[in-house]
Amino acid sequence: MLESKNAEINKLTSRADELVAQAGPVALRERLATLERRSAEPGFWDHVAEAKETSALMVQLRGELSEVNALAELATETATTHELALEADDEELYAEALELMKKLERALDEREVARWFDGQFDHSDVIVTITPGQGGLEAQDWTEMLFTMYLKFAEARGWRTDVHEAQAGESIGIDRAVFTLHGRNAYGMMRAEQGVHRLVRISPTDLKKRRQTTFAGVTVLPVLPDDVEVDIRDEDLRIDVYRSSGPGGQSVNTTDSAVRITHIPTGTVVTCQNEKSQHKNKDAALSILRARLFERAEEQRLAELQELRGPLADISWGSQIRSYVLYPYQMVKDLRTGFEKGNVEAVLAGDIEGFILAYHRWVAAGCPDSARIKE
């Protein structure tokens, strides 16, 4: 006899009904229909800026409707599949229903979290920089581990990744990683990762196998929309090109395609070398530079960095947001929210969604004292 999951499914479908009602699908369809009629009128493209804005809004509304409809359909499919499985006492169909429950719960979580993304750039793509901190060469290894973790997380979500810099370290790991993640609410999601990450393990390079603590800092910045003005004058830039290199200093490119841009007034330096095209590297570097200069201007003008990233701290003891302990026990714990996960291997393989969701729930609740949360 299969175990009934009616109580759990009823809770999930109730959440789905509430979220669908909050979205107001009828009003969304009416608004979309109005815009579609307007876009079909003669002379619509005579005012290009307004037409682009209207077209972008239409795309947004269609996406919202599609998501709401998909959520409602998934809730119905989950309940129906579970009911049929119980009636037929079909284990295969029951297993399918359990998978649909997991899928529905994840969709509900994402939908709820997306409602919290009301910042100016929360829906933007995100530029992530990982920098080694205290821990010597091992910190470079830790930087590469975090880099891999985020790439796998992005891959699992179907996000596109552009790697701009991932220069090999002196003997292990990488000296620094800079990459852009392209996906829905990418900046909003990745804001949870801003800060210092601490690793505790047996040192792989220590012959005496002593425990080692290493640190790496993660910085996230939004990819700025084109309509955000950042004053960058050509005469303030020094652009150097050089040959890209890979691990061990071996050339991976026979042309001078790597680009280093220095913003002379501020001393801000950005490099990009992972594309074979010098032009693509230059465009990527300029995008990163815009984001960093915008952040700098916000700091100077508003004296508050919280909107774009958390407070700056040394990449060392006492400033970490999350600890990854591989020895003497296995545990990853977020020191802000209290959320923890015992499967460290899964976390380092990209399973960090629980930490991200817990962070945004914590922020939405007003950042109360953290409670111990396990998964």
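The set of residues from the range 169-197 being open to solvent by 30 Å² or more (accessible area, probe 1.4 Å) and touching a strand residue (DSSP E or B) at 6+ places or on another chain (Cβ under 7 Å) comprises D175, R176, H182, R191. Any idea which residue in the range 258-274 is surrounded by the fewest Cβ atoms within 10 Å (Cβ to Cβ), counting only those that are in contact (Cβ under 8 Å) with a residue 40 or more places away in the chain and assigned to a loop (DSSP other than H, G, I, E, B)? Top of the filtered list is N274.
I'd like the full set of residues that are touching a strand residue (DSSP E or B) at 6+ places or on another chain (Cβ under 9 Å), at pLDDT below 95 and either open to solvent by less than 10 Å² (accessible area, probe 1.4 Å) or more than 12 Å from K333 (Cα to Cα) (or both), limited to the range 345-357. Passing the criteria: only L357. Of all the numbered requirements in (1) modelled with pLDDT under 95; (2) within 33 Å of the chain's Cα centre (by Cα), M1 misses one, and that requirement is (2). Looking across the range 204-242, the residues that are surrounded by 15 or more Cβ atoms within 10 Å (Cβ to Cβ) and closer than 19 Å to G173 by Cβ come down to Q212, T213, T214, F215, A216, G217, V218, T219.
Residues are listed down the side, and each one gets a yes or a no for (1) open to solvent by 70 Å² or more (accessible area, probe 1.4 Å); (2) closer than 19 Å to H197 by Cα; (3) modelled with pLDDT under 95; (4) not aliphatic (A, V, I, L, M):
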site: M101; (1), (2), (3), (4): no, no, no, no
site: D109; (1), (2), (3), (4): no, no, yes, yes
site: A114; (1), (2), (3), (4): no, no, yes, no
site: S124; (1), (2), (3), (4): no, no, yes, yes
site: Q134; (1), (2), (3), (4): yes, yes, yes, yes
site: L137; (1), (2), (3), (4): yes, yes, yes, no
site: T143; (1), (2), (3), (4): no, yes, no, yes
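As a summary of the residue check, R210 satisfies the conditions (1) in contact (Cβ under 8 Å) with a residue 40 or more places away in the chain; (2) more than 20 Å from A346 (Cβ to Cβ) except for the one numbered (1).
Scanning the range 125-152 for residues that are in contact with a Leu (Cβ under 9 Å, 6 or more places away or on another chain) and among the hydroxyl-bearing types (S, T, Y) returns T129, T148, Y150.
Within the range 277-309, restricting attention to residues that are assigned to a helix (DSSP H, G or I) and at pLDDT below 85, the residue that is nearest to R191 (Cα to Cα) is E295. Taking the numbered list (1) aliphatic (A, V, I, L, M); (2) in contact (Cβ under 8 Å) with a residue 60 or more places away in the chain; (3) outside any loop (DSSP other than H, G, I, E, B) in turn, L181 passes all entries but (2). The residues of the range 358-367 that are without any contact (Cβ under 8 Å) to a residue 24 or more places away in the chain and open to solvent by less than 60 Å² (accessible area, probe 1.4 Å) amount to a single one, G366.
Being among the aliphatic types (A, V, I, L, M), loosely packed, with under 11 Cβ neighbours inside 10 Å and under 28 Å from the mean Cα position of the chain (by Cα) is a condition met by no residue of the range 29-51. Once the range 322-344 is narrowed to residues that are open to solvent by less than 30 Å² (accessible area, probe 1.4 Å), in contact with a helix residue (DSSP H, G or I) (Cβ under 8 Å, 6 or more places away or on another chain) and in a strand (DSSP E or B), the residue that is farthest from K102 (Cα to Cα) is V325. A single member of T148, T161 is closer than 28 Å to V259 by Cα and in a strand (DSSP E or B), and it is T161.
Only residues that are surrounded by fewer than 14 Cβ atoms within 10 Å (Cβ to Cβ) and closer than 18 Å to A16 by Cβ were counted across the range 70-92, and they come to 4.
The values are calculated or read from the model by the stated rules, or taken from the named source; none is laboratory data. Source: prediction; values computed, not measured. FYI the Cβ positions are ideal-geometry reconstructions off the backbone, even for glycines, and counts take in every protein chain you see. Remember, those area values only see protein heavy atoms, side chains included, never the ligands or the DNA or RNA. Shrake-Rupley method; radii C 1.70, N 1.55, O 1.52, S 1.80 Å.
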